[in-house]
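For reference, the structure is listed below as structure tokens.
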Amino acid sequence: MPVKDLEQLFQQKIDAEVKIEPRDWMPDAYRKTLIRQISQHAHSEVVGMLPEGNWITRAPSLKRKAILLAKVQDEAGHGLYLYAATETLGVSREETINDLHSGKAKYSSIFNYPTLTWADIGAIGWLVDGAAIMNQVMLTRTSYGPYARAMVRICKEESFHQRQGFESLLVLSRGTPEQKEMCQDAINRWWWPALMMFGPSDSESTHSEQSMRWKIKRKTNDELRQNFIDMCAEQVKILGMHLPDPALRWNEARNHYDFGAINWEEFWNVVKGNGPCNKQRLAARVQAWEDGEWVREAASAYARKKQSGNKAA
Amino acid sequence: MKQELINYILHLADNALILGQRNAEWCGHGPVLEQDIAMTNISLDLIGQARNFYQYAASLLGEGATEDTLAYLRTEREFRNCLLVEQHNGDWGQTLLRQFLISNFQQLLYTALQTHKDRQLAAIAEKSLKEVTYHLRWSSEWVIRLGDGTRESHERMLKAIDTLWRYTGELFEPAAYETACVQDGTAVSLATIKDEWQHKTGEVFSEAGLPVPENIFMLTGGKMGKHTEQMGYILAELQYLQRAYPNAQW
């Protein structure tokens, strides 16, 4: 069948809400877009372990330490399912990881910001996981089957993390003056980067239009961002804190909150590698991988020995 | 008697907490994602065990003691963990060897503790045993895999044994509070589990092709609050927020 007809059939399936599965024919560009997006998502989970992991050994109570460990462990689990989803598209985990280490593949820029105080752990849960969920809930209905199914599982855990993050901020917001200050400061520092997580405005976004047509995405960056702002503007009241945006106000006519201008120059600089922690995050991943090389080699050498031993017996 | 029992429970709790804290340092830095998850899981189990022991000790202590006052507001000299658990992670091989040596010990200890007369302690031991049995299986497999893997991994395991073996003697040297509890029937006599520990260690080392060291001078003191220099740094990190913001709730 000519490619043009295959493409037409493919689009018909998408339009009819039939999920695309690994063995189905798909346009190269669809496959490439998915590989880029899913592996980027997997890397974000794994790199995202670092800023939060930064506070595990210093968590302020045994309960908080256990919650944080469990959370970071969940992120590693998400990384695993997503690498597995990438593999269904014909790229090995090793190749995908090499692309991260060489700098070819990206991960969410939010993880290039530092976690400076304990309150950052709560703010990441509330704002960063909150923003991620907006995107991920949409992705549970994405057109590629394995990605959609991985997302269903991930979303359940992420909403749990978000509630835990919010609860942790709530405790700070009702605590001592120092804790309140720590809480507001973390919100101030994470708010704008969290808004940038949705990506550039629709008018500037290079991949958006085609991804919408293929139903990889179902809402635009700006729609998702607006939903997130509307949600947080209400939730912050429960904390008795404020969002660091003097332009934030309810607009009756739009039925949405208006908000101030996002600093896209900062966004693009962090994407290009100039953020506060880009170098450290990547270096930590590369080092873990290099330090672990002898362990992986020993494990495969041992497995080969066992296998040939079994054959000989 | 009560003070001895509290000290014994704190000793069990401190062992679990400090090892859990050390293992947690690996989170996000493991050699492969699956093992990063396994290590974090063990860390979580150990912190869970520590919490159970601390909560019990706090209930016996009264006067406002909680799991957190015990973990966060005692000093180096008041911690009663063995020296082995506070040692640096080193490489993956050293961490795994430390885990194996301790899990082997904890598995035997908790098995015996299950039938002791203090019912609360027996219940915690029973609950922890399921976890520790898995830790032992997992760490044994790794010691074997690395001992019998490549030349490099074998060399690294020899180095790990050289670093850690000197701290294993303390596991079987009863502290005064322990001896008192053994007489009272609330602690495990270490002499009764030593042979089994040596047997299991010998079995795993032999399969790994690793030698069991002999005539090594053993370093002790942790159980009586005399630690290695590393302990102060572990607590500085662990206790930082509670020390910097006294009386805050988190």
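Each reported figure results from applying straightforward, stated rules to the coordinates on display, with no laboratory input. The shown structure was predicted, so the numbers you read here are calculated from the model rather than taken from an experiment. In this analysis, Cβ positions are derived from the backbone assuming ideal geometry, glycine residues included, and neighbour counts consider all displayed protein chains.
Values computed for the structure shown
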item: Expected-Rg normalisation [2.2 N^0.38 Å, Cα atoms] applied to chain B; result: 0.98
item: Likely footprinting exposure, A:144, B:233, B:56, fewest C-beta neighbours within 10 Å first; result: B:233, B:56, A:144
item: Charge-dipole axis of chain A as Lys and Arg at +1 and Asp and Glu at -1 on Cβ define it, positive-most pick from A:214, A:25, A:138; result: A:25
item: Segment B:71-147: C-alpha gyration tensor shape, a/c 1.5 cut-off, then a/b vs b/c; result: oblate
item: Translational D in µm²/s for chain A (Stokes-Einstein at 25 °C, 0.890 mPa s, Kirkwood Rh from C-alpha pairs); result: 116
item: Gaussian network model of chain A, Cα within-10 Å springs - most flexible of A:50, A:248, A:100; result: A:248
item: Quotient of C-alpha Rg and 2.2 N^0.38 Å, computed over segment A:12-66; result: 1.91
item: Three-way shape call for segment B:30-164 based on the alpha-carbon gyration tensor, with the a/c threshold at 1.5; result: prolate
item: Leading residue at positive end of dipole, segment B:2-244 (Cβ point charges), from B:192, B:216, B:8; result: B:8
item: Environment charge of residue B:134, counting only residues whose C-beta is closer than 14 Å and scoring Lys/Arg +1, Asp/Glu -1; result: 0
item: Average projected area [Cα convex hull, the protein assembly as shown], square nanometres; result: 30.6
item: Inter-label distance for residue B:151 and residue A:21, nm, one decimal - labels placed 7 Å from Cα along Cα-to-Cβ; result: 5.0
item: Helix-only [θ]222 nm of chain B, DSSP H runs n ≥ 4, -39500 (n - 2.57) each, per residue, nearest 500; result: -22000 deg cm²/dmol
item: Degrees separating the helix B:2-24 axis from the principal Cα axis of chain B, which is the longest one; result: 50
item: Net charge of neighbours whose Cβ lies under 13 Å from the Cβ of residue A:168, counting Lys and Arg as +1 and Asp and Glu as -1; result: +2
item: Angle between chain B longest axis and helix B:119-147 axis [Cα atoms, degrees, rounded to 10]; result: 20
item: Nearest-0.05 FRET efficiency for residue B:249 and residue A:242, computed from C-beta distance (R0 25 Å); result: 0.65
item: Hits among lysines - C-alpha to C-alpha of residue A:106 under 18 Å, sequence gap 8 or more where chains match; result: A:32, A:272, A:279
item: Spin-label model distance (nm) - residue B:115 vs residue A:12, 7 Å beyond Cα toward Cβ; result: 7.3
item: Total lysine pairs whose alpha carbons fall under 27 Å of each other in segment B:2-244 (8 or more apart, or interchain); result: 23
item: Cα-centred dipole magnitude for segment B:1-145, charges only on beta-carbon of K, R (+1) and D, E (-1), debye, nearest 20; result: 380
item: Within straight-line cross-link reach of residue A:13, aspartates and glutamates at Cα separation under 19 Å, skipping those fewer than 8 residues along the same chain; result: A:5, A:21, A:24, A:28, A:209
item: Helix-derived mean residue ellipticity, 222 nm - over chain A, DSSP H n ≥ 4, -39500 (n - 2.57), to 500; result: -21500 deg cm²/dmol
item: Anchor residue A:156: lysines whose Cα lies under 24 Å away (excluding residues fewer than 8 positions away in-chain); result: A:19, A:63, A:65, A:71, A:215, A:217, A:219
